[in-house]
Each structure stands twice: as structure tokens, then as C-alpha cells.
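Data block below; observations after.
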Amino acid sequence: MTNIENRKFIALDISGKNHLSWVLDVKLYLSAKKLRHTIDEDNAASNEVRATVLIFLRHHTDDGLKYEYLTVENPLELWQNLNDMFEHLKAVVLTKALND
């Protein structure tokens with residue numbers, strides 16, 4: 001888990017235009033580090049592990065999003081909030097891809 005705070009891929013843009021690729025990058029990276037469970041419902045991750053993943057997620061989000069969710073202290077809650085914010089974009093992107 002060393003250097004988990006170093007940026008591993010492009011941060012989530014405040015517009016959400018890279019949300020789908022960001023979600024995939026986060027899931028793959030957390031799976032590789034055996035931390036994926038921290039963004040799943042009803043996980044039993046320790047506070048230390050949650051803090052590590054929260055730092056990682058915040059480091060990979062736009063500064064505007066960091067400030068909007070400044071008080072969120074649980075990686076699952078941050079993950080869900082970001083997904084709720086950009087969920088509507090999935091339909092737009094997938095529809096566009098199907099039409100191209």
C-alpha cells in the first residue's frame with residue numbers, strides 16, 4: 001500500500017466527462033491493491049484502510065469536487081456521492097457510443 005497517494009491516472013474531472021473511465025481505473029487499481037471492498041456496501045474495513053482509500057479517491061478527483069465533499073469521511077459514501085452525481089452521464093455516453 002505504499003505510495004497509494006501518488007496519482008496513478010487522470011483525476012475525475014468536475015464536469016464528469018471522464019467518469020466512466022475513472023470508475024474503471026479506480027476499481028481496477030483498488031482491486032489490484034486488495035482494497036476494492038472499501039467501496040462496497042456493508043464492508044468491514046478498518047478505519048486505517050478506509051482513510052487510505054479516502055485519500056486515494058480525493059487525490060484522484062478534481063479540486064472542486066474535493067471541496068464539495070470536504071466533510072465526507074468514508075470512501076463508500078464519497079464513491080456513492082460521485083456516482084450519483086455523474087450517473088446520468090452513463091446513459092449519454094453509452095447512447096452516443098451505440099449511435100457512432
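The values are calculated or read from the model by the stated rules, or taken from the named source; none is laboratory data. Just so you know, these numbers come straight off a predicted model, no measurement behind them. As a convention, Cβ positions derive from the backbone with ideal geometry for all residues, glycine included, and neighbour counts pool all protein chains shown. For the accessible areas, the whole protein counts, side chains as well, though only heavy atoms, and no ligand, DNA or RNA atoms are used. Shrake-Rupley method; radii C 1.70, N 1.55, O 1.52, S 1.80 Å.
Take residue 49 and decide whether it is among the β-branched types (Val, Ile, Thr), open to solvent by less than 60 Å² (accessible area, probe 1.4 Å) and over 28 Å from residue 15 (Cβ atoms). Steps first, answer last, please.
On the way: among the β-branched types (Val, Ile, Thr): yes; open to solvent by less than 60 Å² (accessible area, probe 1.4 Å): yes; over 28 Å from residue 15 (Cβ atoms): yes.
Yes; evaluated as a whole, the condition is true for this residue.
Restricting attention to the stretch 19-42, the residues that are open to solvent by less than 30 Å² (accessible area, probe 1.4 Å), in a loop (DSSP other than H, G, I, E, B) and modelled with pLDDT under 95 total 0. What about residue 12, is it touching a residue at least 60 places away in the same chain (Cβ under 8 Å), open to solvent by less than 30 Å² (accessible area, probe 1.4 Å) and hydrophobic (A, V, I, L, M, F, W, C)? When the stated conditions are applied, residue 12 passes them. Summed over the stretch 54-64, the residues that are crowded, with 18+ Cβ neighbours inside 10 Å and either among the aromatic types (Phe, Trp, Tyr) or in a helix (DSSP H, G or I) (or both) give a count of 4. Scanning the stretch 51-76 for residues that are out of contact with any Leu (no Cβ under 8 Å at 6 or more places or on another chain) and farther than 23 Å from residue 18 by Cβ yields 51, 71.
For the stretch 8-15, the count of residues that are farther than 21 Å from residue 85 by Cβ, assigned to a loop (DSSP other than H, G, I, E, B) and in contact with a His (Cβ under 9 Å, 6 or more places away or on another chain) is nonzero. Being out of contact with any helix residue (DSSP H, G or I) (no Cβ under 6 Å at 6 or more places or on another chain), open to solvent by 30 Å² or more (accessible area, probe 1.4 Å) and part of a helix (DSSP H, G or I) is the filter here; which residues of the stretch 65-80 pass it? Hits for the stretch 65-80 are 67, 68, 77, 80.
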